[in-house]
Amino acid sequence: MLYYSLVCRLITLETRNLTVKLNGYNILENINLRIRGPGLYFILGRNGSGKSTLLRALAGLLPYRGEVLINGREIRNYKRKELSKIVGYVWQNPFYGFFESTVEREIRFILKNINSEGRFEELIDYFGIKKFLKRSPFTLSGGEAKRVCICSVLVADQQIYLLDEPEGELDYKGLEKLVRFVETESKRKLIVVATHNTLLAHKLRESVEKILIIHNGKIVGEFGPEILVNKEFLIDVGIVPVYWWLE
């Protein structure tokens, strides 16, 4: 049973001329966006479009030019521990974020750093993690690792959740848990999901505020859920339309 509180804090996440250059190439170029929570937003783009880089920049995990602001404050002005209490970033590849010897230590690591009890018992129960607690995270299957990765970040109960391809590797039960979690949490938090998967966006269409389309490192539009059935536009930007799967 997920915890839910009617106490919601307004929060804004904004970028101004955000540019990220890696290995001599502009991966993101002059990204300007402003979103506010609580609410759910999707960043939809094909593989290689820059959506993962954008999420990592929003989390302060890589250098950038321009500005990233939370409630008007540049994230460069936050200490790392302070920012970790506000923003939770879930990796696309869960194994990238693992470094502890056991699952329990992995999940408790952020809580130890921010001196908080967080939501440990609640989330390990909800995502079915208890039976893995004494195992090394590196011995888990992809789906198990994804659930542990989600718990190890979101256990800190941050105001902003940045989820990079969170559906990857999850089975039916895992996807059900994820969708229900996002639906519930988006009522009190700002959640940004980056994915190429129009099916996930379609599943959550009743909860979504906006869908931002990213293509070749630029935001090319902000839309409502109706964009998911715009076959010609989505194909032009390399995204598989939701109805293609049903034809």
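The values are calculated or read from the model by the stated rules, or taken from the named source; none is laboratory data. What you are looking at is a predicted structure, and each value in this text was computed from that prediction instead of being measured. All Cβ positions, even for glycine, are placed from backbone atoms using ideal geometry, and neighbour counts span all protein chains on display.
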For region 56-71, enumerate the residues that are in a strand (DSSP E or B) and not small (Gly, Ala, Ser). ARG65, GLU67, VAL68, LEU69, ILE70
Tell me, yes or no, whether region 146-162 has at least one residue that is under 24 Å from PHE223 (Cα atoms) and either of a type outside the set (A, V, I, L, M, F, W, C) or more than 14 Å from the chain's Cα centre (by Cα) (or both). yes
Taking the options PHE95, PHE99, PHE109, name whichever one is outside any helix (DSSP H, G or I) and of a type in the set (Phe, Trp, Tyr). PHE99
Restricting attention to region 41-55, which residues are farther than 17 Å from LEU199 by Cβ, in contact (Cβ under 8 Å) with a residue 60 or more places away in the chain and assigned to a loop (DSSP other than H, G, I, E, B)? SER49, GLY50
Answer yes if at least one residue in region 72-80 is at pLDDT below 90 and part of a loop (DSSP other than H, G, I, E, B), and no otherwise. no
Matching option when the condition is of a type in the set (Gly, Ala, Ser), surrounded by fewer than 21 Cβ atoms within 10 Å (Cβ to Cβ) and more than 14 Å from the chain's Cα centre (by Cα), among GLY48, GLY39, GLY60: GLY48
